[in-house]
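The values are calculated or read from the model by the stated rules, or taken from the named source; none is laboratory data. Keep in mind that what you see is a predicted model, and the values were worked out from it rather than measured. Ideal geometry is used to build each Cβ from the backbone, glycine not excepted, and the neighbour counts take in all protein chains shown.
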Amino acid sequence: EPEVTQTPSHQVTQMGQEVILRCVPISNHLYFYWYRQILGQKVEFLVSFYNNEISEKSEIFDDQFSVERPDGSNFTLKIRSTKLEDSAMYFCASSERQFTGELFFGEGSRLTVL
Amino acid sequence: AQKITQTQPGMFVQEKEAVTLDCTYDTSDPSYGLFWYKQPSSGEMIFLIYQGSYDQQNATEGRYSLNFQKARKSANLVISASQLGDSAMYFCAMRGLTGTASKLTFGTGTRLQVTL
């Protein structure tokens, strides 16, 4: 069964460092998303991406964050200068259609900022 | 704007019994979809069931069914014949089906514990 894959599964970084989280969405999907989940809290939307551009972003997704689809298969989330409060589980998701059907989630990348 | 409310932070159910996890929502979108995801302790998000606001019948997927009451804006998940492996966090979510609002909005989740 096709799946969304994310790397790394866990990354530990120092505050102020840049982090890149990588995702390979399901191959025929066109809509891509990043969500985050701070430990014990709800899943929060960060950004959606379609046709090589951001279609929607939340207030969390400030100038420290960026997304890219560099090669037609990977979908990356970059945090330029990490803060302690960026520590969370980051989920990549993809969907085949814009509105209907489920989002398929990856297993998540746990980011720990020290 | 969309809002999902899950009022049960934790629920217990005995193995083989049925359990209902509550979810209410609020939205200004005329058409929308409602989802339930399961998050086991390993952390991944597993899709369980989907209900469209335009669907006449309640969705069912194996042991999962969605009790959709549109007038009450509720979309409760019913798990029948609970199994120990059902112990997990359960999230209700929704997305609008119009405009550009394709993102999922999640509730705060309900932690289900299945006991012997």
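Here's a check for you: in segment B:13-35, which residue that is farther than 22 Å from B:Q57 by Cα and either surrounded by 12 or more Cβ atoms within 10 Å (Cβ to Cβ) or β-branched (V, I, T) (or both) is farthest from the chain's Cα centre (by Cα)?
It comes out as B:E15.
Using the structure shown, decide if A:V67 is within 11 Å of chain B (Cβ to nearest Cβ) and either over 23 Å from B:I49 (Cβ atoms) or assigned to a loop (DSSP other than H, G, I, E, B) (or both).
In short, no.
Of all residues being part of a loop (DSSP other than H, G, I, E, B), farther than 19 Å from A:W34 by Cβ and among the aliphatic types (A, V, I, L, M) in segment B:77-116, which is nearest to the other protein chains (Cβ to nearest Cβ)? Just the residue, please.
B:L97
Restricting to strands (runs of 3 or more DSSP E) lying wholly in segment B:1-54: which have 1 or more residues that are out of contact with any helix residue (DSSP H, G or I) (no Cβ under 7 Å at 6 or more places or on another chain) and farther than 17 Å from B:A71 by Cβ?
Because the criterion is at least 1 residues that are out of contact with any helix residue (DSSP H, G or I) (no Cβ under 7 Å at 6 or more places or on another chain) and farther than 17 Å from B:A71 by Cβ, the strands (runs of 3 or more DSSP E) in segment B:1-54 that meet it are B:2-5, B:10-14, B:19-21, B:32-39, B:46-52.
Considering only segment A:15-36, how many residues are under 18 Å from A:G108 (Cβ atoms) and either touching a Lys or Arg at 6+ places or on another chain (Cβ under 8 Å) or not β-branched (V, I, T) (or both)?
Count: 12.
For a quick check of your reading of the model, give me the residue pairs whose first member lies in segment A:83-103 and is modelled with pLDDT under 90 and of a type in the set (A, V, I, L, M), whose second is in a loop (DSSP other than H, G, I, E, B) and surrounded by 17 or more Cβ atoms within 10 Å (Cβ to Cβ), with beta-carbon atoms closer than 8 Å and at least 6 apart or on different chains.
Within 8 Å, the pairs are A:L103/B:L104.
Taking the condition of being assigned to a strand (DSSP E or B) and either crowded, with 17+ Cβ neighbours inside 10 Å or in contact with a helix residue (DSSP H, G or I) (Cβ under 7 Å, 6 or more places away or on another chain) (or both), how many residues in segment A:23-43 meet it?
Residues that pass the stated criteria total 8.
Quick test for you: out of A:Y50, A:Y33, A:Y90, pick the one residue that is within 12 Å of another protein chain (Cβ to nearest Cβ), more than 28 Å from B:A59 (Cβ to Cβ) and not aliphatic (A, V, I, L, M).
It is A:Y90.
Can you spot a residue in segment B:56-65 that is within 14 Å of chain A (Cβ to nearest Cβ) and in a strand (DSSP E or B)?
Yes, that holds for at least one residue.
So A:R69 fits all but one of (1) under 11 Å from the mean Cα position of the chain (by Cα); (2) within 16 Å of A:I20 (Cβ to Cβ); what number is the exception?
Just one mismatch for A:R69, condition (1).
Taking the condition of a type in the set (S, T, Y) and closer than 22 Å to B:Q2 by Cα, does B:S74 pass?
On the way: of a type in the set (S, T, Y): yes; closer than 22 Å to B:Q2 by Cα: yes.
Here the answer is yes, as B:S74 does meet what is asked.
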